[in-house]
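Heads up: the structure comes next, in structure tokens.
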Amino acid sequence: MHSFYARLLLVLGTLLAVLDTVQADNPIIQSIYTADPAPIVVDDRVYLLADHDENGSTTYNMRDWRLFSSADMANWQDHGVIASIATTFPWADLNAWAGQIIARNNKFYMYLPMRRRGGNTAIGVAVADSITGPWKDALGKPLLENGRIDPTVWIDDNGQAYLYFANPGLFYVKLNTDMISYSGSIVEVSMNVASFGSGREADGTTFAEGPWVYKRNNLYYVVYAANCCSEDIRYSTGPSIMGPWTYRGVVMASAGKSFTNHPAVIDFKGKSYFFYHNGALPGGSGYTRSIAVESFTYNADGTIPLLTMTNAGAPQIGTLNPYTRNEAETMAFSSGVQTQATLDGGLAIINIEIGDYVKVAGVAFGNGAKSFYARVASATSGGKIEVRLGGVTGTLVGTCVVPGTNGWQSWQVVTCAVSGATGIKDLYLKFTGGSGYLFNVDYWQFA
Ligand SMILES: *[C@@H]1O[C@H](CO)[C@@H](O)[C@H](O)[C@H]1NC(C)=O
């Protein structure tokens, strides 16, 4: 009997340990619901523009645009709200939907669809000197207004920029070099089966919405959400940015608790990545979506292999340095925490309750960390940060006590001894304490 129970416990223990280590890292953002990924590589980081489904939505309830970034495709830093209908675009009133950012003229331009107050769906353009902002409405009015959405932008080799947009149909216009005006008329792309496949859209093709236009190795691509609903992702290729487009088939089948999807494709540090959205977070649905990413390899002829949604996400590139200041809102995965701007200009993780945690992937501790410190604030009586490795119930290497600091923005640095943190490990900051909100964390560092 005893040995039976001992063996059972051993099996259960092993099972729990396995569940602990195969912690999923898709969706890549867990603190809010995000949709319609639009990544851009800037220097050695990927910046990800996302739109944002309000928690609990049962229809589209989208008011602002968010920015995230990653140097390693596994740990994503939250940069907060970079534009919103209320503060950036007073001429609009609803529908902060899918956009895209591009760099030119030592500035960044961001094309965003929204509903003009008392009018039609329009595309606005915002401009910033730094991708993290501040972003300003470039025109004080729409760039164009014709009831279409889903702007995607590409600068061709000769310097001519093109803004594509869609739904219904697919259109493009030539942007001027100032990137905030256009020349010539809007061109409607011919929707035919040779270009977009035979499908269940009103025009008889598979093309639905969400085009993502780019060029790679002399081939132009338009990847798009197709065959509504639930949408899958398909693509077409062509010899020029203006086509003609040849239908190439499915990239990702419909799956994952969201009746829409939205593609984005980039190369970063020598690998190719496919971004999409689904409803994989707890509470997820077609109106509470989450962005995910997969890495992939193009076929030799430039075609894209069939991709599936995974919980694991993309492998980490390199490791994370714990001996420099790391923002608490840099996370490979998290449970229960939200982020908020601090009064001194950064972001912090907030709404921390007992049992919540943050995972930081692939932390290179080297020969061993001796101490951990974190900048914290608490309007209640605080709690504890358990520093664990390998899993949320993994090896405990240190425990930092967080006192009450008399305010959620009254920051104080706490420190504690660490032992046994060596090599490359996934770091888990597990939060414990009493009931209610315990404390906020601004940043952390090992020494
Ligand atoms: C949504 O709200 C619930 C209830 O407050 C909360 O538990 C959950 O973490 C929230 N999810 C997201 C993604 O914001």
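Probe 1.4 Å, all protein chains in place: accessible area of ARG63 in Å², nearest 10?
Estimated to the nearest 10 Å², ARG63 gives 130 Å².
Take peptides 404-412, 270-278 and line them up by average Cβ neighbours within 10 Å, highest first, as a rough protection proxy.
Result, highest mean Cβ count within 10 Å first: 270-278, 404-412.
Lys/Arg Cβ at +1, Asp/Glu Cβ at -1, dipole of region 326-446 taken about the Cα centre: which of PHE446, VAL337, VAL418 is farthest positive-ward?
VAL418
Between ASP267, ASP157, ASP78, where does the largest GNM mean-square fluctuation fall for the chain, given springs only between Cα atoms within less than 10 Å?
Per the Cα network of the chain with a 10 Å cutoff, ASP157 tops the list.
Using only the alpha-carbon atoms of region 179-260 as identical scatterers, what base-10 log of I(q)/I(0) does the Debye formula give at q = 0.17, 0.19, 0.21, 0.23 Å⁻¹?
-0.69, -0.82, -0.95, -1.07
Note down the nm distance, to one decimal, between modelled labels 7 Å out along Cα→Cβ at LEU343 and at ASN55.
Reported label-point gap for LEU343 and ASN55 is 2.3 nm.
So which of LYS271/LYS430; LYS107/LYS174; LYS215/LYS271; LYS174/LYS271; LYS174/LYS215 end up more than 21 Å apart by C-alpha?
LYS271/LYS430; LYS174/LYS271
Given springs between every Cα pair under 10 Å in a Gaussian network model of the chain, which of MET191, MET110, MET179 has the largest fluctuation?
Most flexible of the set in this elastic network: MET191.
Averaged per residue, what accessible area in Å² does the chain show with a 1.4 Å probe, protein chains only?
That works out to 40 Å² per residue.
Cα axis of helix 2-21 to longest principal axis of the chain: angle in degrees, 0 to 90, nearest 10?
Once rounded, one gets 40 degrees.
Please report the carbon-and-sulfur percent of the accessible area for the chain; probe 1.4 Å, protein heavy atoms only, DNA, RNA and ligands left out.
Carbon and sulfur together cover 53 percent of it.
Given a Förster radius of 45 Å and the C-beta distance between ALA86 and VAL41 as r, what FRET efficiency does 1/(1 + (r/R0)^6) yield to the nearest 0.05?
Computed FRET efficiency for ALA86 and VAL41 comes out at 0.90.
Hey, with R₀ at 45 Å, roughly what FRET efficiency would THR395 and PHE259 work out to, going by the Cβ-Cβ distance, to 0.05?
E(calc), rounded to 0.05, equals 0.60.
Starting from the eigenvalues of the Cα gyration tensor, five times each then square-rooted, give me the equivalent ellipsoid semi-axes of region 139-210, largest first, whole Å.
Each semi-axis is the square root of five times an eigenvalue, giving 25, 14, 9 Å.
Divide, for region 326-446, the radius of gyration over alpha carbons by 2.2 N^0.38 Å, where N is the residue count.
Against the compact-globule rule of thumb, the ratio is 0.97.
Rounded to the nearest 20 Debye, what is the dipole magnitude of region 250-347 about its Cα centre when Lys and Arg each give +1 and Asp and Glu each give -1 at the C-beta?
That gives a dipole near 140 debye.
Which order do ILE186, ILE424 take by accessible area at a 1.4 Å probe, largest first?
ILE424, ILE186
Any chance you could tell me what percent of the C-alpha pair distances in the chain go past 38 Å?
Tail of P(r) above 38 Å: 26 percent of Cα pairs.
Starting from the Cα of ALA300, step 7 Å along the direction of its Cβ; do the same at ARG216; then give the gap between the two resulting points in nm.
For the pair ALA300/ARG216, the computed spacing is 1.8 nm.
Calculate, in whole percent, how much of the Cα-Cα pair population of region 116-275 lies beyond 26 Å.
30 percent
Pick from SER290, SER419, SER258: which is most flexible by mean-square fluctuation in a GNM of the chain where alpha carbon atoms under 10 Å apart are linked?
SER419
The values are calculated or read from the model by the stated rules, or taken from the named source; none is laboratory data. From a predicted model like this one, the values you see are computed outputs, not experimental measurements. Note that each Cβ is placed from the backbone with ideal geometry, even for glycine, and that neighbours are counted across all protein chains shown. What goes into the accessible areas is simple: the full protein's heavy atoms, side chains included, and nothing from ligands, DNA or RNA. Shrake-Rupley method; radii C 1.70, N 1.55, O 1.52, S 1.80 Å.
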